[in-house]
Amino acid sequence: MSSFSRWALAAGLASLTAVCAPIKPEEQLRTATCLNGVWETVVNVSDARIPAEEWTHRRIPAMPLVGDPPAVSAWYRRSFTIAREWIRPDRRFFLEIEKAGHYAAIYCNGRRMAEHYGQYTPFEADLTSALAPGKPNEIAIYVHNASGKYARPGAMLEDELAGNAYRGATDKQPQRNWIGIAGDIVLSWRPAASVTDVFVVPSVRKKRLETRVETSGASGLKIRGAVLDEEKVVLTLPEKQVTTTGTIRLEADWSNAVLWGPPPYGKPKLYVLRTELLKQGKVVDRTFTRFGFREVWIEGRDVLLNGKKLWMSGTYFPKLSTVRYLNDRRVQSATISLMQASGLNTLHGHWDDLGKTWMDLCDETGMLVMAGFYCDGRPLIQSRADDGWADWMTSTCRNWTRATRNHPSVVLWRPSDVVPQNTYMRKESFAARLAEEVKREDGTRPLADGSDIAIWSQNHLKDPKNPEVYDDGARVAEQLAAASKPLLTKEIYCSFADFDKIGGFFRAFYEKSQAGGSTGTIVQHLPLKKFSPFRAEWLSDSGAGNRERDPRLERELVNWSDPSQPAWSVSPYGSLFAELYRKYVKLDAAPLGGEAPGELLVTGLTPDDLAILVPENPELAEPVGVRAAADGTAWFVVSTPGDYRLHYRNGSRSVRIRPGQHFRKPGYGHVERVNAGRTSS
């Protein structure tokens, strides 16, 4: 059955099964609304009080604020109205910021509700006690760089280099301690008795699925789980009683799951785990967790993915690069297509956490990920760790692991790379400390930190002191011959100016790595695209992701938006790595594609209205909300296709959303469109 036929069947079933289901937003157990769009901002003002003047306007989230001299702090503010009927005595409201640098404090109607340190992890504030129903509510967010009292709780850092140690490396000193909101801002509600965390643990070897669930305020309730494949329940997990606030394990055998992974390991197949809390047989909370069924383990000198020897060919992006922080699905989907067409199957974080959008897309497109979030990046930018730095990094690593672990694309962990030279701990000891946190919170994937997997890095020269003689693969061959465990070349660093010589080096290196049984090769900042001009444009200021309009985007990024121009022109290095992938991996170098979330552009709304899509069948998906832009548009990304009811200030109407497609060609022809200004239905 085709994807469209399956969707049409799902839509029909949804309509039949949800005749009696509530479809109003206030009746939903959970709802999440993206507040991205134009906010008021002011820079370099203290946090003594929320400023009364000198505000300007900028779309948030945005690229990090950098300059010379750099901004040290910034305020952001925005107002929205909570409908009176949304307020319930057993409901809590939260504001989540996906990425902010470095310190951030959230205020609601003048009250500080939460604070957070670090750009590497998302965080949320409980706004419930401060919200005023039926009235404008002002959200203000204060950000500050890692200095003074803003580096970590209880610290007072007067040394600029000590503040730098809390941030990922950049090319220039003024850029390193950047500030800004660089990730999505989401307002949500959920029941007071709720599921707070779900960790999905598939086992290919045992043919079994385990889920580890954490709850809040749910003692005495029951919990159950079911795996959805589109509209169909394909696995039911036994119901259990919630007796404590600890972890509850639900598990069941599963012998016919489709394995996740790029060829030859599987396909980018994603399932959804539906987890429900029940009180006297009634569902009082429901969550949806997307996952892939796959397993990674080590046998001897091999890393295995779903029982097949793993080969990783990948890269990572430059420090503070536009493609990393322009966290929009369309830009990143186009970039992944280019990577896969260039024979790459792996993306590494390295300089910073990749973030939710990148990770979601890697899940959907079958890209492997070596997950990392920190590198000090010597010797260009100096830093100096203070006495509390290692403790703070360890705590951050724990939170980062929990935020990342459900992504099937993560096949290896490597939390950090280079650390400050003055830290009292040896690099190996610090890596072991972070590894302990990763294993405590995950424990299902190997670490490429020298423990589970040996690591190797080099440049293109046979002898780094002799720039005339290029390596012929002998250095990595020697490492592989001596290795007693899997070995991964986690970094090749070199200039790309002389393609003939560098290309010869890569050919020799790839061949020797394959022959020696390597786990793979990650190349630092591999250039894949030739410059090709295009017109960068967006459909709306609303919706998830960044919306930068800098003309430089057209030089730095793959064309995702201009249908009159080619998507990309592959660089010589892209062609070379595609050739090597075909020769040694015996697979075509081409985008994997697959189904993507559907997209909907709504016009004719009231500016700043909170428009919400409510599924006709609440057992298949959660509601999705978006704050309308000043031009009355709202841009939705909907993970689960089907029938929805669109609710907005002046009415509601039925909307049918079809599955999307990952990047095929530039433009927005795949986006469905609805004019809310017309007569509601």
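The values are calculated or read from the model by the stated rules, or taken from the named source; none is laboratory data. Model, not experiment: these values are computed from the prediction. In this analysis, Cβ positions are derived from the backbone assuming ideal geometry, glycine residues included, and neighbour counts consider all displayed protein chains. Only protein heavy atoms, including side chains, enter the accessible area calculation; ligands, DNA and RNA are left aside. Shrake-Rupley method; radii C 1.70, N 1.55, O 1.52, S 1.80 Å.
Brief remarks on what is shown
- Over the range 322-379, the pair-distance histogram of Cα-Cα distances with 10 Å bins from zero comes to 23, 56, 19, 2 percent, rounded to whole numbers.
- Whether the range 109-208 is rounded, prolate or oblate, judged on the alpha carbon gyration tensor where a/c under 1.5 counts as rounded: oblate
- At 1.002 mPa s and 20 °C, Stokes diffusion of the range 47-113 via Kirkwood alpha-carbon radius, µm² per second: 143 µm²/s
- GluC sites (Glu not before Pro) restricted to the range 40-147 and DSSP loop, no more than 15 other C-beta within 10 Å: Glu53, Glu54
- Under the convention that each Lys and Arg Cβ holds +1 and each Asp and Glu Cβ holds -1, the size of the dipole of the chain around its Cα centre is about 1220 debye.
- Cα gyration tensor, the range 220-329 - rounded (a/c under 1.5), prolate or oblate: prolate
- Positive-end extreme of charge dipole, the chain - chosen from Leu310, Ala132, Thr394 (charges on Cβ): Leu310
- Whole-Hz ³J(HN,Hα) from phi, Karplus 6.51 cos²θ - 1.76 cosθ + 1.60, for the range 235-251, glycine and proline x: 7, 10, 9, x, 6, 9, 8, 8, 10, 9, 8, x, 7, 10, 9, 10, 8
- Share of carbon and sulfur in the accessible heavy-atom surface of the range 266-320 [1.4 Å probe, %]: 48 percent
- Taking Cα atoms only, the orientation of helix 389-404 departs from the longest principal axis of the chain by about 60 degrees.
- Bridging of Lys465 to lysines at a Cα separation below 27 Å is possible for Lys172, Lys319, Lys427, Lys490, Lys501, Lys512, once same-chain residues fewer than 8 apart are set aside.
- Extension gain for Ala481 to Arg552 (0.36 nm times residue separation, less C-alpha to C-alpha distance): 21.0 nm.
- Semi-axis lengths, largest first, of the ellipsoid equivalent to the range 627-681 are 22, 15, 10 Å, with √(5λ) applied to each eigenvalue of the Cα gyration tensor.
- 3J(HN,Hα) along the range 79-88: 10, 8, 10, 8, 4, 4, 6, 6, 6, 9 Hz, from the Karplus curve 6.51 cos²θ - 1.76 cosθ + 1.60 with θ = phi - 60°, whole Hz, x for Gly and Pro.
- Computed Kirkwood radius, in angstrom, where 1/r is averaged over Cα pairs of the range 364-427: 13.3 Å
- Between the helical axis of 427-441 and the longest alpha-carbon principal axis of the chain there is an angle of about 30 degrees.
- Using just its DSSP H runs of length 4 or more, each adding -39500 (n - 2.57), the chain gives a mean residue ellipticity at 222 nm of -5500 deg cm²/dmol after division by all residues.
- For the chain, the antiparallel share of DSSP beta bridges with both residues in that region comes to about 80%.
- The C-alpha atoms of the range 334-442 occupy a region whose extents along the principal axes are 44, 33, 20 Å, arranged from largest to smallest.
- Diffusion constant of the range 517-619 at 10 °C, which comes from Stokes-Einstein with the Kirkwood Cα-pair radius and 1.306 mPa s, µm²/s: 88 µm²/s
- Under-5 Å amide H pairs with Arg384, H placed in peptide plane, nonlocal only: Ala162, Asn164, Ala165
- Radius 10 Å from Cβ of Leu304, net charge of other residues (Lys, Arg +1; Asp, Glu -1): 0
- Sequentially through the range 462-476, phi angles give Karplus couplings (6.51, -1.76, 1.60; θ = phi - 60°) of 5, 10, x, 8, 10, x, 8, 10, 8, 5, 10, x, 5, 5, 6 Hz, Gly and Pro residues having no value and appearing as x.
- Long-range amide H partners of Asp229 with built H, under 5 Å: Val234
- Candidates per chymotrypsin sites (Phe, Trp or Tyr not before Pro) in the range 528-618, loop by DSSP, up to 15 other Cβ within 10 Å: Phe531
- Here the chain has an Rg and Dmax of 24.8, 77 Å, counting Cα atoms alone.
- q = 0.15, 0.17 Å⁻¹: log10 I(q)/I(0) that the Debye formula gives for the range 118-270, counting C-alpha atoms only: -1.02, -1.05
- If R0 is taken as 51 Å, the Cβ-Cβ distance between Arg649 and Lys149 corresponds to a FRET efficiency of 0.75.
- The amide H of Asp285, built 1.01 Å from its N in the peptide plane, has Leu277 as neighbours under 5 Å, considering only residues 5 or more places off or on other chains.
- Fraction of accessible area attributable to carbon and sulfur, the range 41-114 (%, probe 1.4 Å): 48 percent
- Cα point-scatterer Debye curve for the range 420-466, base-10 log of I(q)/I(0) at q = 0.22, 0.29, 0.31 Å⁻¹: -0.84, -1.04, -1.09
- Estimated dipole of the range 194-336 in Debye, rounded to 20 [Cβ of Lys and Arg +1, of Asp and Glu -1, Cα centre]: 200 debye
- Label-reachable residues, the range 98-131, where backbone N falls under 13 Å from a point 7 Å from Arg84's Cα toward its Cβ: none
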